[in-house]
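Student: Let me give you the structure first, and then I'll get to my questions.
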Amino acid sequence: MKKNVVAPSVGESITEVSILKWAKQNGQAIKVGDLLLEIESDKATVEIVAESAGTLQILKQAGDRIPIGEVVAIIDDSIASSAGPSMPPPPLAPPAFPPLPGAKAAPPAPPAFSSAPPSLPPSPPPMAAASTPNHGLSPSVRRASAELGVNPATLSGTGKDGRVTKGDVLAATPSAPSAGATSAGAPSYAPPAPTLPKPPAATDKPGDRRVPMSMLRSKIAERLVMAQHTAAILTTFNEVDMSAVMKLRSEHKDAFKAKHGVNLSFMSFFTKASIAALKAVPEVNAMIDGKDTIYHDYYDIGVAVGTDRGLVVPVIRNADQMSFVDLERKIGELAIKGRDGKLSMADLTGGTFTISNGGTYGSLMSTPILNPPQSGILGMHKIMDRPIAVNGKVEIRPMMYTALSYDHRIIDGKGAVTWLVTLKDFLENPEKLGFSV
Amino acid sequence: MADTTVNYDLIIIGGGPGGYVAAIRAAQLGLKTACIEKRKTLGGTCLNVGCIPSKAMLESSEHYHQAKTKFSKHGIVVGDLKLDLETMLKRKEGVVRQLTNGIAGLFKKHGITHVNGHGKIVAVEGPNKVVEVAGEPGTAPVRISAPKILLATGSEPSELPFMKFDGKKIISSTEALELTKVPEHLIVVGGGVIGLEMGSVWSRLGAKVTVIEFQDRIVPGTDRQAGNELTKALAKQGLEFKLSHKCLGARPSGDKMIVEAEDMMNGNAKVTFEGDVVLVSTGRKPYTANLGLEVLGITTDKGGRIPINDHFETSSKGVWAVGDIVDGPMLAHKAEEEGVAAVELMAGLPGHVNYEAIPNVVYTWPELATVGYTEEEVKASGVEYNLGVFPFMAFGRAKTMDETEGFVKIIADKKTDKILGAHIVGPRASDLLTEIVSVIEFGGSSEDIARTCHAHPTLSETVKEAALSVEKRSRSI
């Protein structure tokens, strides 16, 4: 019996993944639970293990981009599992139609003078195939959305009972040619248009290297541009005297490490202080949905983690209910997962606010970009000793510039400034954060 | 009196397509419904003296015409071809009888009370409106009442003041369906749908037919290109068109009738036509006479129509009106849609009629079937459009049928490709149009049709080809 290995759904908005690498070779014998391959989506990498035993027949190669649900391999248990790696891949025949009830005994009909191909009963594909993507959309909407790279599910339709029409898809694609021009000599099945704006056609000169972006990179690029285009992003700055936090930290970090086995970093302080500020200015923890604002009465804080493949933002859920120890543990855990490319979809989705620490790379000042649909992001920076005026005297203090980028559509300047001032207040008076070892 | 009055949830006045379909829907929705119809049989003009009998006669006469003029080309030799008009008329009456009885059966099945007689609203008693139904002369009128009334009394042929109907020599469509002898020369005043259909019937059966039309085109209001195509096809069959002619009157001359007219394209020169029978088919007017509208304070507009809001409700609360007595084209299927929507709205359901997707058909041969906006209307609106036209001449199945007249024309918005209108002249245009109407109803585009598989070889492929040619992708021309 043959079992299909399909590209699994890795998240609501993911329609396509790419095969990172095969862990097994074509024709190799497979046991249940064997790691078969790793796939990469724009958000995470996922390992796929064998759910049945047999001989592996690989249909899609590493690097291939494949839609969710596509069969990437077949595991065939009818073939002796000792078969060598020279097993040829099976022919890519279309699935056979199920026999018609009662059709078995009937003698083959003489070929009729009709346009139908002989021998194939004119029956539609089996009902199970109703999971075809875009089921329920009209033919032109299916074509136009595939060709123009528009997801019809994101459009509000103007057709009967809110159905999406071809016009709706074209309207969602400002650069789309008008209906008449589409066909003027152009092939009607053009590949999907890239979702990124194209730079002026660059010609590769000697010394240029052209490297295709990874899915993660292109998704990051797409989301950043999308954030810039949709929100009214503004950044406000402040600075924090880190003396008190540094003092507290240096006093307790050894005991903390000894007791809990994790380092006490500044991240937990900033997370705690951010939550305090979010509670004071709730719109920073809110998002826009159509004509409504959705306020979140929970605090799922995204922490930006740099990896060698790009920036990922795993989420600490219900961070307000966590102790310093819990936070440090969770942050450490997510950072390792991010570095190893093991973050799951659940780790990466649904944050309500994000903290980005450019200071680890030495940044003194930056303007972070929102992580949509969130409305605020805190930029932490390098702590640097600087002379400042304290009570009329110049003193050298460990200072950090802080930046809050916010969506001006729902957050006023007053709210944003208040937010940073509140953060500053809690960090300069860390006893208010309820720290304990 | 009140104690002898039978009370219903809904009284529908008029048993035509608007009324009887609404009655069935009302019964399905659980309303205790009475339907008043002055004819003995249900179905209104449509079933009794309109759509159905005319289609029976068009079908029969086309068979005769085919045998006479087209069979020989197929290698079929008919000996002495004879017309048995009496049998033809009987067959038509049989069809009408079957269908009207069918509605009576549907009423029984749904528990709808059919009250025979002329209904008139006579009083308002609290929430109830009282309707008095005058039956056969000499019988006492019946009084029934309901809180909800649906008016669906339809229309009647409109008369020209200078050419009053006499039922023999100056006739309406009703009599044109039952001429017992083929006239030598039938003069049709008015080149609209009824004039062309009845003119076709008698022309095929051997009459000389002259159509006198005031405007410079037949089926005024239809897409000009389509109208011209139909004119050409009918003229080829022998119908004579006198366009831009203003009728002045008709007078008898012995056995004949002399119709006088002015040729407006020729300095208003007087012309006369001598014929046997004059069919006046210049339009129909809403029928609201003696309905008791004044009791409800309802006044009709200049055209005699009853004003309604977008829920089909008249100025009198609890009184709705649909069909030929309200605004819009006088079409059976439009009345049906409105009747159903009105009843659904009464019942608190979301009833709706999409007036952009109401087909209109002239059942000549070739047929003319249209939906949506004409090219002239689209052009005048300033909306940019693409045009897809596909002639039957270029098409295999039409060739095998020897039916190569006409074309399918689709007008689509240039920006969105949404179908704005479609106009078909050709064999079974009425049936071919249905597909486009469905797509319009769903707000669809020409590409939706172009990308839908059509069986080969069918006439319906011409619709697909026209849709393809909207975006210049036709494969056959």
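Just so it is clear, none of the values below were taken in a lab; they were calculated from the coordinates. The structure presented is a predicted model; accordingly, all values stated were derived computationally and were not measured. Heads up, the Cβs are rebuilt from the backbone with ideal geometry, glycines too, and the neighbour counts pull from every protein chain shown.
Student: For a protection proxy built on the mean count of beta-carbon atoms within 10 angstrom, sort A:375-384, A:142-151, B:122-131 highest first, please.
Tutor: Per-residue Cβ counts within 10 Å, averaged per peptide and sorted highest first, yield A:375-384, A:142-151, B:122-131.
Student: Let me ask something else. Could you work out, residue by residue across B:409-420, how many beta carbons of other chains sit within 10 Å of that residue's beta carbon, and then give the average as an integer?
Tutor: Rounded to a whole number, the mean comes out at 4.
Student: I've got another one for you. Label 7 Å along Cα→Cβ of B:Thr139; segment B:41-56 residues with amide nitrogen under 12 Å?
Tutor: Label zone hits: B:41.
Student: Still on this structure, please answer the following. Counting other Cβ atoms within 10 Å, which trypsin sites (Lys or Arg not before Pro) in segment B:259-368 have at most 14 and lie in a DSSP loop?
Tutor: B:Lys302, B:Lys317
Student: Simple spin-label model, 7 Å along Cα-to-Cβ: A:Lys21 to A:Ala221 in nm?
Tutor: So the two model labels end up 2.4 nm from each other.
Student: Another question, then. Among B:Leu106, B:Ala321, B:Ala429, which residue has its Cα positioned farthest towards the positive end of the charge dipole of chain B, with +1 placed on the Cβ of Lys and Arg, -1 on the Cβ of Asp and Glu, and the dipole taken about the Cα centre?
Tutor: B:Leu106
Student: Follow-up question, since we're still on this one. Compute the whole-percent fraction of alpha carbon pairs in the protein assembly as shown spaced more than 53 Å apart.
Tutor: So the portion of pairs separated by more than 53 Å is 42 percent.
Student: With unit charges on the beta carbon (Lys/Arg positive, Asp/Glu negative), name the residue among B:Pro359, B:Ala398, B:Thr87 whose Cα is farthest towards the positive pole of the charge dipole of chain B.
Tutor: Checked the options; the winner is B:Thr87.
Student: So who's got an amide H within less than 5 Å of the one on B:Phe241, skipping anything under 5 residues away but keeping other chains? H placed 1.01 Å off N, in plane.
Tutor: B:Val211
Student: Only loop residues by DSSP count here, and only those with at most 13 other Cβ atoms within 10 Å; note down the trypsin sites (Lys or Arg not before Pro) in segment B:1-110 that meet that.
Tutor: In loop regions of segment B:1-110 (DSSP not H, G, I, E or B), the sparsely surrounded trypsin sites (Lys or Arg not before Pro) are B:Lys40, B:Lys70, B:Lys82.
Student: Can you list residues from other chains, or at least 5 along the same chain, whose modelled amide H is less than 5 Å from the amide H of A:Leu20?
Tutor: For A:Leu20, the qualifying residues are A:Glu38, A:Ile39, A:Glu40, A:Gly63.
Student: Right, next: For B:Asn309 and A:Ala280, FRET efficiency with R0 = 56 Å and r from the beta-carbon atoms, rounded to 0.05?
Tutor: Given R0 = 56 Å and the Cβ-Cβ separation, E is 0.60.
Student: May I pose another question? Rounded to the nearest 500 deg cm²/dmol, what is the calculated helix-only ellipticity per residue at 222 nm for the protein assembly as shown, with -39500 (n - 2.57) per DSSP H run of length n ≥ 4?
Tutor: -8500 deg cm²/dmol
Student: Expected output is a single nm value to one decimal: the length gained when fully extending between A:Asp308 and A:Lys2, i.e. 0.36 nm times separation in residues minus the C-alpha distance. What is it?
Tutor: Using 0.36 nm per residue and subtracting the Cα-Cα distance, I get 106.3 nm.
Student: Given H placed on each backbone N at 1.01 Å, which residues far from B:Val124 in sequence or on other chains put an amide H within less than 5 Å of it?
Tutor: B:Val130
Student: Name the shape class, rounded, prolate or oblate, that the alpha-carbon gyration tensor gives for segment A:260-382, where a ≥ b ≥ c are the square roots of its eigenvalues, rounded holds for a/c under 1.5, and otherwise prolate holds if a/b is larger than b/c and oblate otherwise.
Tutor: Judged from the Cα gyration tensor, segment A:260-382 comes out rounded (a/c under 1.5).
Student: Return the FRET efficiency for the residue pair A:Thr154, B:Ser158: r is the Cβ-Cβ distance, R0 is 56 Å, and the value is rounded to the nearest 0.05.
Tutor: Efficiency at R0 = 56 Å is approximately 0.55.
Student: With only Lys, Arg, Asp and Glu charged, each at its Cβ (+1 for the first two, -1 for the last two), find how big the charge dipole of the protein assembly as shown is about the Cα centre; round to the nearest 20 debye.
Tutor: 1220 debye
Student: Under unit Cβ charges (Lys, Arg +1; Asp, Glu -1), what dipole magnitude, rounded to 20 debye, does segment A:261-354 have relative to its Cα centre?
Tutor: 240 debye
Student: Moving on. Could you derive backbone 3J(HN,Hα) for segment B:372-381 from the dihedral phi with the Karplus parameters 6.51, -1.76 and 1.60 (θ = phi - 60°), listing whole Hz in sequence and x where the residue is Gly or Pro?
Tutor: Coupling constants for segment B:372-381: x, 8, 7, 4, 4, 5, 5, 4, 5, 6 Hz.
Student: Also: Can you give me the angle between helix B:85-110 and the longest principal axis of chain B, using Cα atoms only, in degrees from 0 to 90, rounded to the nearest 10?
Tutor: 40 degrees
Student: Taking each residue of B:432-444 in turn, how many C-beta atoms of other protein chains fall within 10 Å of its C-beta, and what is the average?
Tutor: The shielding value for this peptide is 3.
Student: If you take each beta carbon of peptide B:382-390 and count the beta carbons of other chains within 10 angstrom, what is the mean?
Tutor: If you average over the peptide's residues, the count of other-chain Cβ atoms is 1.
Student: Suppose the chain between B:Lys73 and B:Asp402 were pulled fully straight at 0.36 nm per residue; how much longer would it get relative to their current alpha carbon spacing?
Tutor: Gain on stretching B:Lys73 to B:Asp402: 117.5 nm.
Student: While we're looking at this one, here's another question. Can you give the extra length, in nm with one decimal, that the chain gains between B:Glu93 and B:Cys453 once fully stretched, where that is 0.36 nm per residue apart less the Cα-Cα distance?
Tutor: 125.6 nm
Student: Right, here's the next one. I'd like the FRET efficiency for A:Met365 and A:His260, computed as 1/(1 + (r/R0)^6) with the beta carbon distance as r and R0 of 41 Å, rounded to 0.05.
Tutor: Once rounded, the FRET efficiency stands at 0.80.
Student: Restricting to the protein assembly as shown, compute how many DSSP beta bridges are antiparallel as a %, nearest 5.
Tutor: The antiparallel proportion sits near 75 percent.
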